[in-house]
Amino acid sequence: MGRRSYLGRRSYLVLAVVAAAAFATVVGVGTAALEMNAGAVLVWLAVLAAIAAGAFAWGRWKAVFFVGVAPLLLLSLAFDAIWIFEIVPFRNDEYEPIPVSILVIPFGIPTSAAASVFGVSMRLGTQRAGAV
């Protein structure tokens, strides 16, 4: 027989609540810090919902890295490399571009990791309850 946690069947529910709270906190702080408009917030929430759905479909804890962390990290580092080596000219007279990683690493990656933890914990919780 497998190991039983101290909370039994409620352990995934507790993990889901903690992940949802972390998700809401990071989204709230990130949105307030960046002063995003409503359209950008809706797009970001749609991306996070897609990440949670992908993690739910995968249903394994390694989805947190491969669905929630790695894509954003690799994309931000790729865009920074494009910016540093000037492969695409980003500069113009109106603004000076900044590296993407300084915003993605502290805000985007924890938020997407929380969304993927939420998706995986929902999947494991439903499997344990016998719903899926």
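The values are calculated or read from the model by the stated rules, or taken from the named source; none is laboratory data. Since the model is a prediction, treat every value here as computed from it, not as a measurement. Neighbour counts are summed over all protein chains in view; Cβ atoms, including those assigned to glycine, are modelled from backbone coordinates with ideal geometry.
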Residues (assigned to a helix (DSSP H, G or I), at pLDDT below 75 and over 14 Å from residue 108 (Cβ atoms)) located in segment 23-64: 24, 25, 28, 32, 38, 39
Qualifying position, being under 24 Å from residue 44 (Cβ atoms), surrounded by 18 or more Cβ atoms within 10 Å (Cβ to Cβ) and at pLDDT below 80, among 100, 88, 120, 104: 100
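To keep it simple, each residue is scored yes or no on (1) outside any loop (DSSP other than H, G, I, E, B); (2) hydroxyl-bearing (Ser, Thr, Tyr); (3) within 21 Å of residue 127 (Cα to Cα).
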{"site": "72", "(1), (2), (3)": "yes, no, no"}
{"site": "76", "(1), (2), (3)": "yes, yes, no"}
{"site": "82", "(1), (2), (3)": "yes, no, no"}
{"site": "88", "(1), (2), (3)": "no, no, no"}
{"site": "98", "(1), (2), (3)": "no, no, no"}
{"site": "109", "(1), (2), (3)": "yes, no, no"}
